[in-house]
Amino acid sequence: QAKEKGRNTYQFFAEQRDGRMERRLNLEHGLRKALMNNEFFLVYQPLVHIGNKKILGVEALLRWNKEDEGLISPAEFVPIAEETGMILPIGEWVLREACMQGISWHKNGLNDLLISVNISVRQLLEETFVERVESILSETEFPPTSLELEITESTTMQNMEESLPILNALRAKGIRISVDDFGTGYSSLTYLRQLPVDTLKIDKMFIDDILLDQKAGAIVKTIIDMGHNLDFHVIAEGIESREQIDFLIEQGCIYGQGYHLYKPLHADELKKQLQKNVVMN
Ligand code: C2E
Ligand code: MG
Ligand code: MG
Ligand code: MG
C-alpha cells in the first residue's frame, strides 16, 4: 500500500511538472508571435501627490491579450520573456509605444506629464541600450526629461559594475531613473550612495503591512527618511486604503501609486482623469 501511495505521489508530481512545462512552452511559443500579432497593449497607472491625488505621471504596464486565451499577467510572462531574450524586442516595443502615447498627451496640453517605463536588467545591459533609447526619443520627439526608467533593485544591484556607466549615460541625457520594488533586494548602503537614481519606489509588500505590523511601518518610515536625506524622491507603491495614505502622509511621504488612488487604465480612459487632475510640477 505504501508502494502504491508512493507511486501515486510520484505520478502526481510528475503530472504537475509536465503541466508546468507544457504551460511554459505554450507561453514561450505564444510570445514569439505576440508582437507580430499585435497582442500587446499598455495600460497606465497614475503616479500622484498623495496629499491631493494630483497626477504627476503615469507608469506604463504591459498587457498581453493572448490568442485564444485572453489576458496573461506580466508576472507570469515577463520572466519567460526575460529568460528567452524575447524581452529585448518586447521591451523596445513598450518604450516606443509609451513615448508615442506620451507625446500625444503632451501635445494635447499635458506638457510635463512624466512617463515611467519598466526596464528589465537584460535590456539595460544590452550593449546598444542607450542608443536604442535615444533613437526612440528622437523618433517620437518625446522629451528625455519626461521619461523615467524603472529598474528593479535586486537585479541591478547584482550587476552594479555594469549598470553604473549605463545609468550614468542615461541620466546625462536627462532621463530619470527609479529603483522599483525597493526593499526587496539588497541595497547595501555603499551602493545606495553611488546609485545614479532619482527615485525609490517602496515595494507594495511593506505598504501592505504598515498598519498591521509595527516593524513594517518602521521600515517604511526609515526608507522615507533615508531616501529624502539622500535627495531621492520616494514613492509608496500599492496603496489600497485611506488609512495607509494617512500613515504615509504622517511619515512625510509625498508620492504614491495604488488601487486606492487609481488603477491602471487604458489610454483613452486615462485622458479624462488627466484633464481633470494633472498638476504641472
Ligand atoms: P511593478 O513595476 O512593480 O508594477 C506594479 C504592479 O503592481 C503592477 O502589476 C500594478 O498593476 C500593481 N499594482 C499597483 N497598485 C496596486 C495595488 O494597490 N494593489 C495591487 N494588488 N496591485 C497594485 P502588473 O501590471 O501586473 O505588473 C507586474 C510586474 O510586471 C511589474 O511590477 C513589473 O515588474 C512587470 N512589468 C509590467 N510591465 C512591464 C514591462 O513593460 N516591462 C518589464 N520589463 N516588466 C514589466
Ligand atoms: Mg514598475
Ligand atoms: Mg514595483
Ligand atoms: Mg513589482
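Quick grid of which residues meet (1) within 16 Å of ligand 4 (Cβ to nearest atom); (2) surrounded by 14 or more Cβ atoms within 10 Å (Cβ to Cβ); (3) in contact (Cβ under 8 Å) with a residue 40 or more places away in the chain; (4) in a helix (DSSP H, G or I):
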{"site": "L56", "(1), (2), (3), (4)": "no, yes, yes, no"}
{"site": "L71", "(1), (2), (3), (4)": "no, no, no, no"}
{"site": "L88", "(1), (2), (3), (4)": "no, yes, no, yes"}
{"site": "V94", "(1), (2), (3), (4)": "yes, yes, yes, yes"}
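Report those helices (runs of 4 or more DSSP H) wholly inside the range 177-281 carrying at least 1 residues which are of a type outside the set (G, A, S) and in contact with a Leu (Cβ under 6 Å, 6 or more places away or on another chain). Give the derivation first.
On the way: elements: 189-194, 204-209, 214-229, 242-250, 267-277.
Output list reads 242-250, 267-277.
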**Study point:** Residue list for the range 181-217, restricted to those being closer than 22 Å to H260 by Cα and among the small types (G, A, S)
**Key:** G183, A216, G217
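Any chance the range 174-184 includes a residue that's away from ligand 3 (no atom under 16 Å from the Cβ), touching a helix residue (DSSP H, G or I) at 6+ places or on another chain (Cβ under 9 Å) and modelled with pLDDT of 95 or more?
Narrowing the range 174-184 to residues away from ligand 3 (no atom under 16 Å from the Cβ): 174-175.
Filter again for touching a helix residue (DSSP H, G or I) at 6+ places or on another chain (Cβ under 9 Å), leaving 174-175.
From what is left, the residues that are modelled with pLDDT of 95 or more are 174-175.
For the range 174-184, residues away from ligand 3 (no atom under 16 Å from the Cβ), touching a helix residue (DSSP H, G or I) at 6+ places or on another chain (Cβ under 9 Å) and modelled with pLDDT of 95 or more: present.
Give the residues of the range 107-122 that are more than 25 Å from L200 (Cα to Cα) and not in a loop (DSSP other than H, G, I, E, B), sorted by residue number. Break it down stepwise before answering.
Step one: of the range 107-122, the residues more than 25 Å from L200 (Cα to Cα) are 107-109.
Of everything in the range 107-122, just one residue is more than 25 Å from L200 (Cα to Cα) and not in a loop (DSSP other than H, G, I, E, B), namely K107.
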Review point. Can you spot a residue in the range 58-74 that is more than 27 Å from T140 (Cβ to Cβ) and within 16 Å of ligand 2 (Cβ to nearest atom)?
Key: yes
Exercise for review: Inspect all residues belonging to the range 146-157 and state whether any of them is part of a strand (DSSP E or B), of a type in the set (A, V, I, L, M), within 11 Å of ligand 3 (Cβ to nearest atom) and touching a residue at least 12 places away in the same chain (Cβ under 8 Å).
Suggested key: yes
Check your understanding: Restricting the range 133-190 to residues that are crowded, with 16+ Cβ neighbours inside 10 Å, away from ligand 2 (no atom under 16 Å from the Cβ) and small (G, A, S), which is nearest to L230 (Cα to Cα)?
Key -> S187
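The values are calculated or read from the model by the stated rules, or taken from the named source; none is laboratory data. These numbers come from a predicted model, not from an experiment. So basically every Cβ, Gly included, is an ideal-geometry build from the backbone, and we count neighbours across all protein chains shown.
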